Structure formats: C-alpha cells, structure tokens
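Enquirer: Dumping the structure here so I can ask a few things about it.
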Amino acid sequence: MITYYSISAAINIIISVVLAVVVFWSGNTKINRSFVYFSLSVALWSVGYFFWQISSYQQEALFWTRFLMMGAILIPATYAHFVFSFLNIYEKKKKILFVSYVVTVFFEVFVFSNLIVKNVSPILGFDFWPVPGYLFHPFLFLWIIYTAYVTYILFKKYLLYVNSEKTQIKYLLLGLSMGFLGGATNYFLWYNIPIPPVGNAFVALYVIFIFYAIVKHSLFDIKVIIAEALVFSLWIILSVKLIFLKSLSDILIESAVLILFIFFGVLLIRSVSREVKRREETEKLVNELKKANEKLKQVDEQKSEFISIASHQLRTPLTAIKGYTSMLIEGTYGEVSDKAKGIVSKIFQSSQRLVYIVNDMLDVSRIEEGRLKYTFEDVKINNLVKDVIGELKVNADFKKLKFNFSADSESLDVVISADYGKIRQAIINIIDNSIKYTEEGFVSVSLEISKNKNSLILNIKDSGIGMTKNQLKTIFEKFKRSKNAIKMHTEGSGLGLYVAKEMIKSNKGVIWATSDGLGKGSQFYIEFPIKKEK
Ligand code: ADP
C-alpha cells in the first residue's frame with residue numbers, strides 16, 4: 001500500500017543514494033568516503049522500510065523489517081566514522097571506531113534471526129509492526145547512547161570553531177539531529193507506546209541541511225555536486241518511470257528521453273567540473289602571483305636601500321678627490337706641468353660626473369619611496385643656467401666644443417617658482433649629456449619666452465650622436481641607455497634623464513626631446529610656467 005510512510009521511505013532512498021553517488025564521484029577523500037558509508041546505511045534502511053511498508057504478507061514484511069534493521073545497525077558506526085573524519089579526529093578516535101564496528105558486526109550476525117526482530121504483528125493501523133527480540137533492547141540502548149555521544153562531540157566542536165567551519169557544523173548538526181530524532185519516532189511502537197513514526201520524513205531533512213552546508217559553505221566541492229545531484233535525480237526519476245510504463249511506444253519514447261538526458265547530463269557535469277577546475281587553477285595562480293609580487297616588492301625595497309647606502313658611502317671620497325684635484329689645477333700645491341694638468345682635469349671631470357651619478361642614484365631611491373622633498377622659492381632661471389654653464393664649461397672646453405648660452409632679453413629677469421637645487425641638477429643632467437654625447441661641433445643653450453608669454457623655454461641643442469625615433473620613446477625611462485651612447489660613454493647610469501624628468505615634473509615643468517636621427521644631433525626642451533606677479 002502506498003502511504004505517507006512508504007513515500008517518505010522512497011524519498012529517503014532517492015536522496016541518500018543520489019548524495020552517496022555524488023559525493024563518491026566528487027573526490028576520493030577520507031571525509032567523502034565516510035560520508036558515502038553513512039549515506040548508504042541510511043539508503044539500506046530506507047529500502048527495507050519501503051518494501052516493508054508495501055508488503056502484503058506477514059513473511060514478506062518480516063523479511064523486510066529485518067533487512068531494514070541491517071541498515072539501522074550500520075548507522076551509528078558509519079555516522080561516527082563520518083563525524084570523526086569530518087572533524088579531523090579520526091586518528092584519535094580510531095579505537096572507539098573499531099570497537100563500534102565490532103559491535104555492529106555482532107548485531108549484524110543476528111539480524112536475520114529472531115533475536116532482533118522476533119515477529120511482526122498489527123498495531124495502530126500497521127498490519128505488520130515488528131516485535132523486538134532479546135537483542136533489540138541492548139541494540140537500541142547502544143544506538144541511542146552512541147549517536148548522542150557522537151553528536152555531543154560535534155556540538156563541542158561547534159562551540160570551539162569559528163567562521164565558515166562553524167556554519168558548516170551548524171547545518172550538519174541541525175540536519176543530523178532532525179534526521180535522528182525523526183528516525184527515532186519509529187521506536188515507540190516497538191514498545192507498544194501508541195506514537196506512530198511521524199518523524200520519518202525528517203530523515204530526508206538531514207540530506208537537505210547537508211546539501212545546504214555543501215552549497216553555501218563548501219563542505220564538499222559545491223557546483224559540481226549540485227550539477228551531479230540534479231542530473232542523477234533526473235536519471236533516477238526517468239528510469240523509475242520507465243519501469244511502470246506498459247505500452248511499447250511509451251517505453252520507446254521515454255527511453256529516448258532518458259538517453260538524451262544521460263547524454264546532456266554527462267555534458268553538463270563535465271563542463272561544470274571543468275569550469276570549477278579552471279577556477280581553482282586561476283585562484284591558485286592569483287595566489288602565486290600575489291606571493292611573487294610581494295617578493296618582488298621586497299627585493300625592490302632592498303635594492304633601493306642598497307643603492308642609497310652605497311651612494312652615501314661613495315659621496316665622501318668623491319668630494320675629497322674633487323677638492324684635491326681642483327686645488328692641484330689651481331696650483332695650490334705648486335706648479336703643475338700642462339700635460340699633468342690635462343690629466344688632473346680629466347680626473348676632476350670624471351669625479352664630478354660620478355658625483356652627478358651618485359646624486360641621481362640617491363634621488364631615484366628617494367623618488368620611488370616618495371621621500372624627495374621640494375622647497376619652492378623664486379628662481380631666476382637665467383642666473384641658474386649661467387651658473388650651470390660655468391660649472392660645465394671645463395667639460396666642454398676639454399672636448400673643444402663650441403659651448404654658448406644666449407638668453408632672450410625678455411627672459412632675463414623672469415622668475416619661476418621652483419626648488420633651486422633640484423632644477424639645477426635636472427638642467428646639469430641635460431646639458432652634461434649633450435657634452436657627453438657630442439664628439440665635435442657645438443652645444444648651445446638658449447632661453448626664451450613662449451609665444452603666449454606664459455612660459456619659459458630652455459633649449460639645449462647639440463651636434464652629437466643624435467637619436468632614432470625608437471630611442472626617443474624610451475630615453476626618459478629608468479636605466480635606458482642606447483647602444484651608441486654606451487659605446488661612447490661606458491660609465492653612464494641611465495638614470496640622469498629619469499631623475500631630470502621627475503624633478504621637472506614636480507616643479508610643474510615639462511621636458512621633451514627631438515632628433516633628426518643618428519649622427520644628426522639632438523635637442524632637448526624644458527618648459528616652465530612663469531610666475532605671475534600678484
Ligand atoms: P646616461 O647618460 O647615464 O646613459 P641618461 O638618463 O642621462 O643616462 O640618458 C639616457 C640615454 O638617453 C643615454 O644613454 C642616451 O642614449 C640618450 N641621450 C641622452 N642625452 C642625449 C643626447 N644629448 N644625445 C644623444 N643621446 C642622448
């Protein structure tokens with residue numbers, strides 16, 4: 001007879017079998033395996049329950065109640081197995097688990113004797129309710145004690161855990177206790193207490209809650225499991241329907257539908273699991289990248305720190321070299337021959353260049369750490385450039401270059417607001433480059449006012465090695481040096497233009513360069529906004 005009880009048993013079968021298969025397929029871990037045992041025990045119990053409910057003969061009913069007990073006896077041990085694995089305390093509880101499996105085997109040995117189910121007799125509307133045998137009482141006692149004990153352990157962990165694991169355990173606890181309490185309503189009638197097993201449908205609830213824990217809180221692998229569960233449920237429903245069909249044409253049509261569903265189901269599961277895998281891989285990659293990035297940042301910081309320390313150390317001896325050589329040239333230590341003077345001024349120039357490089361290096365690390373401080377004041381660019389020209393004249397003279405500076409009369413007294421030291425360093429870098437990269441000819445510097453009279457433009461023109469269009473694109477980047485420049489000047493750093501550009505930018509100016517090509521000279525332009533009189 002189809003009743004509430006047989007229907008709830010059928011639902012329990014479907015749900016626990018589907019869940020067991022799905023979890024089995026989704027991964028071969030300890031937790032998954034133990035869950036499969038537990039779910040299959042529930043399925044076994046439900047199968048016995050279903051056939052017992054639809055039995056029409058006493059012997060038939062007796063057989064199925066004993067079959068049902070087979071599942072019921074398995075449940076406490078498999079339940080403990082799952083909970084211990086899930087809480088990662090399997091090793092610690094191994095002995096207890098072993099004992100519970102031994103006890104399980106003991107009861108299973110007698111399951112088809114009359115020691116567990118003696119007989120079936122009518123009670124409270126049931127035609128064939130089981131009558132307990134001698135072993136049923138100790139079994140039920142142990143059943144209750146053991147499930148309560150395991151649930152207590154789960155509850156204790158629930159209080160201990162935090163975050164997502166806590167929520168997982170919460171849903172497990174909810175589902176399991178409802179399932180067990182619902183299932184326990186079966187035991188009243190065994191003792192002639194007139195309460196029917198109304199809680200039977202609650203057994204299916206444990207599945208729903210576990211499912212929720214899976215979906216919302218990734219107990220097992222979420223998406224794949226949902227897809228698999230849906231697909232398997234459809235297959236089972238369609239297959240069950242097939243059994244009840246009578247006419248050949250119906251069977252053919254339904255079989256075709258089933259085949260189609262199997263085909264598309266497999267496709268769906270495969271595509272979902274592929275997507276999940278891809279997502280996992282991406283997550284892994286992102287994490288690796290994050291780590292690599294952190295490391296790079298650290299290395300970069302260490303590098304800047306190293307440069308900063310090294311440059312400080314370099315500056316002191318360089319200042320001494322520069323000081324003594326300039327005194328040598330001036331004759332402070334007696335007459336120096338012209339030949340020696342030439343050599344000494346070479347030493348002077350080289351050490352001065354080294355000072356520029358060291359300053360640039362120090363500034364690069366300061367720029368990168370955001371530590372470069374600017375103090376703005378009124379600066380007469382004309383005077384500043386004249387001063388720089390004075391400083392660099394030795395270098396230009398040494399190479400016998402025509403080195404001149406011309407200023408537009410309007411530009412003479414024009415004032416800009418800038419950090420004097422930084423602007424000076426930037427302009428030195430540009431003009432010194434022109435001297436460095438010009439073998440013969442000229443370096444000419446000119447200052448003029450823009451057509452709209454809003455800004456000052458400093459133009460540095462040379463007849464040197466020039467640059468290609470490609471080189472022009474990257475010269476302002478850090479450590480960028482072109483081959484022809486390296487050939488001519490091996491000891492450059494590739495930092496001068498980068499530092500100059502950063503400094504000019506911070507002083508509200510712009511810098512750009514042009515060249516007609518290799519060997520055709522270069523022009524650098526620096527433009528500053530003129531400070532307006534208030
Ligand atoms: P460095 O001079 O130490 O190499 P810079 O940052 O000052 O570094 O310059 C970067 C590059 O730009 C140089 O290596 C060179 O290739 C190019 N460059 C700069 N100024 C000139 C110039 N006046 N003529 C030709 N090339 C230049």
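Enquirer: Under 7 Å between Cβ atoms, which residue pairs at least 6 apart in sequence (or on different chains) link something in region 507-534 that is within 17 Å of LYS473 (Cα to Cα) with a partner that is of a type in the set (A, V, I, L, M, F, W, C) and part of a loop (DSSP other than H, G, I, E, B)?
Expert: Going by the 7 Å Cβ cut-off, the qualifying pairs are ALA513/ILE475; SER515/MET467; LEU518/ILE465; SER522/MET467.
Enquirer: Right, next: Need pairs with beta-carbon distance below 6 Å; first residue farther than 18 Å from LEU362 by Cβ and within region 310-332, second at pLDDT 90 or above and not in a helix (DSSP H, G or I); sequence gap 6+ or separate chains.
Expert: Matching pairs, first to second residue: none at all.
Enquirer: Return only the number of the condition from (1) within 13 Å of the ligand (Cβ to nearest atom); (2) farther than 23 Å from PHE479 by Cβ; (3) of a type in the set (Val, Ile, Thr) that VAL358 does not satisfy.
Expert: Condition (2) is where VAL358 drops out.
Enquirer: Let me ask something additional. Test each condition in (1) near the ligand (Cβ under 9 Å from one of its atoms); (2) buried (at least 22 other Cβ atoms within 10 Å of the Cβ) for LYS436 and report the one that comes out false.
Expert: Every listed condition holds for LYS436 apart from (2).
Enquirer: Continuing with this model, one more query. Test each condition in (1) farther than 30 Å from ILE269 by Cβ; (2) surrounded by fewer than 20 Cβ atoms within 10 Å (Cβ to Cβ); (3) modelled with pLDDT of 85 or more; (4) among the aromatic types (Phe, Trp, Tyr) for TRP52 and report the one that comes out false.
Expert: Among (1) farther than 30 Å from ILE269 by Cβ; (2) surrounded by fewer than 20 Cβ atoms within 10 Å (Cβ to Cβ); (3) modelled with pLDDT of 85 or more; (4) among the aromatic types (Phe, Trp, Tyr), TRP52 violates only (2).
Enquirer: Something else now. Restricting to region 449-491, name every residue that is near the ligand (Cβ under 10 Å from one of its atoms), touching a residue at least 60 places away in the same chain (Cβ under 8 Å) and closer than 27 Å to LEU372 by Cα.
Expert: Across region 449-491, the qualifying residues are ILE460, LYS478, GLU491.
Enquirer: Continuing with this model, one more query. Would you mind stating whether THR29 is of a type in the set (S, T, N, Q) and either more than 47 Å from the chain's Cα centre (by Cα) or at pLDDT 90 or above (or both)?
Expert: Spelling it out, it is not the case that THR29 is of a type in the set (S, T, N, Q) and either more than 47 Å from the chain's Cα centre (by Cα) or at pLDDT 90 or above (or both).
Enquirer: Mind telling me which of the residues LEU314, LEU252, LEU248 ends up being out of contact with any Cys (no Cβ under 6 Å at 6 or more places or on another chain) and crowded, with 16+ Cβ neighbours inside 10 Å?
Expert: Going through LEU314, LEU252, LEU248 in turn, the sole match is LEU314.
Enquirer: In region 77-96, which residues are among the hydrophobic types (A, V, I, L, M, F, W, C) and part of a loop (DSSP other than H, G, I, E, B)?
Expert: LEU87, ILE89
Enquirer: Any residue at all in region 393-413 that's crowded, with 16+ Cβ neighbours inside 10 Å and closer than 30 Å to VAL299 by Cβ?
Expert: no
Enquirer: Looking only at region 46-76, which residues are of a type in the set (Gly, Ala, Ser), touching a residue at least 60 places away in the same chain (Cβ under 8 Å) and in a helix (DSSP H, G or I)?
Expert: Those that are of a type in the set (Gly, Ala, Ser), touching a residue at least 60 places away in the same chain (Cβ under 8 Å) and in a helix (DSSP H, G or I): SER46, ALA61, ALA72.
Enquirer: Let me ask something else about it. What tally of residues in region 404-422 results from selecting those that are under 15 Å from LYS531 (Cα atoms) and either within 45 Å of the chain's Cα centre (by Cα) or assigned to a strand (DSSP E or B) (or both)?
Expert: Within region 404-422, residues that are under 15 Å from LYS531 (Cα atoms) and either within 45 Å of the chain's Cα centre (by Cα) or assigned to a strand (DSSP E or B) (or both) number 5.
Enquirer: Within region 512-534, does at least one residue satisfy the condition of being out of contact with any helix residue (DSSP H, G or I) (no Cβ under 6 Å at 6 or more places or on another chain), in a helix (DSSP H, G or I) and either near the ligand (Cβ under 10 Å from one of its atoms) or of a type in the set (Phe, Trp, Tyr) (or both)?
Expert: No, every residue in region 512-534 fails to be out of contact with any helix residue (DSSP H, G or I) (no Cβ under 6 Å at 6 or more places or on another chain), in a helix (DSSP H, G or I) and either near the ligand (Cβ under 10 Å from one of its atoms) or of a type in the set (Phe, Trp, Tyr) (or both).
Enquirer: Take region 350-403 and flag every residue that is farther than 20 Å from GLU439 by Cβ and not in a helix (DSSP H, G or I).
Expert: GLY370, ARG371, LEU372, LYS373, TYR374, THR375, PHE376, GLU377, ASP378, VAL379, LYS380
Enquirer: Return yes or no: is VAL103 outside any strand (DSSP E or B), of a type in the set (Val, Ile, Thr), under 22 Å from GLU60 (Cα atoms) and touching a residue at least 24 places away in the same chain (Cβ under 8 Å)?
Expert: no
Enquirer: Of all residues in region 180-198, which are more than 18 Å from PRO76 (Cα to Cα) and part of a helix (DSSP H, G or I)?
Expert: LEU189, TRP190, TYR191, VAL198 - these are the residues of region 180-198 that are more than 18 Å from PRO76 (Cα to Cα) and part of a helix (DSSP H, G or I).
Enquirer: Mind telling me which of the residues ILE169, ILE153, ILE144, ILE195 ends up being of a type in the set (Val, Ile, Thr) and crowded, with 18+ Cβ neighbours inside 10 Å?
Expert: Going through ILE169, ILE153, ILE144, ILE195 in turn, just one is of a type in the set (Val, Ile, Thr) and crowded, with 18+ Cβ neighbours inside 10 Å: ILE169.
Enquirer: Can you tell me how many residues within region 374-400 are under 55 Å from the mean Cα position of the chain (by Cα) and touching a residue at least 40 places away in the same chain (Cβ under 8 Å)?
Expert: 14
Enquirer: Within region 209-253, restricting attention to residues that are modelled with pLDDT under 70 and basic (Lys, Arg), which residue is nearest to ILE14 (Cα to Cα)?
Expert: Here the answer is LYS223.
Enquirer: Quick check: is even one residue across region 492-502 surrounded by fewer than 17 Cβ atoms within 10 Å (Cβ to Cβ) and more than 7 Å from the ligand (Cβ to nearest atom)?
Expert: no
Enquirer: Consider PHE112 against the criteria (1) under 14 Å from TYR149 (Cβ atoms); (2) in contact (Cβ under 8 Å) with a residue 40 or more places away in the chain; (3) surrounded by fewer than 23 Cβ atoms within 10 Å (Cβ to Cβ): it satisfies all of them except one. Which criterion is unmet?
Expert: (1)
The values are calculated or read from the model by the stated rules, or taken from the named source; none is laboratory data. Predicted, not measured: the structure shown is a model, and the values here were computed from it. We place every Cβ from the backbone using ideal geometry, glycine too, and count neighbours over all the protein chains shown.
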